[in-house]
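Input: a single structure, listed below in structure tokens.
The values are calculated or read from the model by the stated rules, or taken from the named source; none is laboratory data. Bear in mind that the values here come from a model prediction, so they are computed numbers and not experimental data. Virtual Cβ from ideal backbone geometry, glycine too; neighbours counted across all protein chains shown. Areas reflect the complete protein model, heavy atoms only, side chains present, ligands, DNA and RNA absent. Shrake-Rupley method; radii C 1.70, N 1.55, O 1.52, S 1.80 Å.
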Amino acid sequence: YLKISKLALAFAIIHSKPPGKTSKEYTEDLARTVSEQDFGWKWKVEVLEAEVLRLRQELLLNRISPRFCLENRKQDTSAETLLGQESINPTSYSSQLEDSGCDVCNDSAFDSLASDFHQSEHNVNASKHWLERVPPLNLCHTSKEQSLTAPVHFLQRLLEIRKLSEGGILQADFSELENDSFTICNSVSQLLDGLTVFYNSPKFPAPSFLTEGVCVLISLITDTKLSNHVLKKCFKKIEEFKKNLIQIILRNRSVNRFQALHSVSQTLGLLGRNSILRNSLISLLLSGVRQFAEQLLQAHQIQSVYDITQYENIFLLCMILEQLLQNETEESNISSSDYGGEEKIKFLKNLDQVILHLSDEFPLFSLYLWRVSVLLNSGQMQ
């Protein structure tokens, strides 16, 4: 039946083609027209899906804390004004975000993130002031920048409800997150996808919404009440995000890549501060470093060329891995008897021989491998 249908369609195209055009040209024109129509429908579907998600987000926030939503509507006008000012002067707006610790003019944005993100305690006046500055929810955007800010704004509101409820200002029922897993999962997924897109094509200086997105992500996974909901529903997505960041580091070949890769490594380091995410991140890093060491050893033994760019990038993974292992040994209250698992065994297997063969030609990389092995074999890591 399918073959007959294709044959009938071919005859119909041949018989209906206009004069002056070949059957191939006419077929290509028809395909182009259909694809344009499909694109239009896809765009309309995306807009409608975004609107549905926006409504579900507002409904979820209202269920968690109706009073918060009521007070927030009163501030929409001033929030829109501030949002307009951000489009004119984004640096000044981002500097006002007291809970972000971000200066988007250079890499110090991520350095300040690393030191300040865990300070989630705010006084009552600061919380009220923050509440007045949160922009209104709006998911019907067209640009990639705005598509990232949409989930950021929703999750910022969720975090602020958490802070205000903890301070006794609002009553909130976070059990509603269990009843609406779709909304929280979709919002976190949009945030992670948006961050991945911008890390793949970075802009300098780092835009404020990018550093805000990292702040929101880290705050979600470190908050004592929200992290369980987020990690339980979005763990696979976060794991995929970590894998993407590692591949971005390994595969980046641009000439001026180190500033961008530094930002990616900072984000991985922040994710590794979470005890649940740390073990899986260490396993991913061990796997990446081990595979590259094996490839480098093979290339060295047969005297073939190796990827010099990847060799330069691998040191970022080594530094992140060493940092996470050091943090693991310092936090004696965390049980790590099973961390690393199979990847730890694979990494340590024949490592001495690998270091021995590579030490003359690649002394710095061999030194990093040895330092990592010392941390893996230390008494605290048994």
Under 21 Å Cα-Cα from K24, which lysines qualify once same-chain neighbours fewer than 8 residues away are excluded?
K3, K6
Rolling a 1.4 angstrom probe over the protein heavy atoms, how many square angstrom per residue are accessible across region 194-256?
44 Å²
Set K243/K346; K243/K344; K163/K232; K237/K346, cut-off 24 Å on Cα-Cα distance; pairs above it are K237/K346
Sorting check: for 194-200, 263-269, 222-228, which peptide has the highest mean count of neighbouring beta carbons within 10 Å, and how do the rest follow?
263-269, 194-200, 222-228
Give me the percent of accessible area attributable to carbon and sulfur for region 200-359, probe 1.4 angstrom.
50 percent
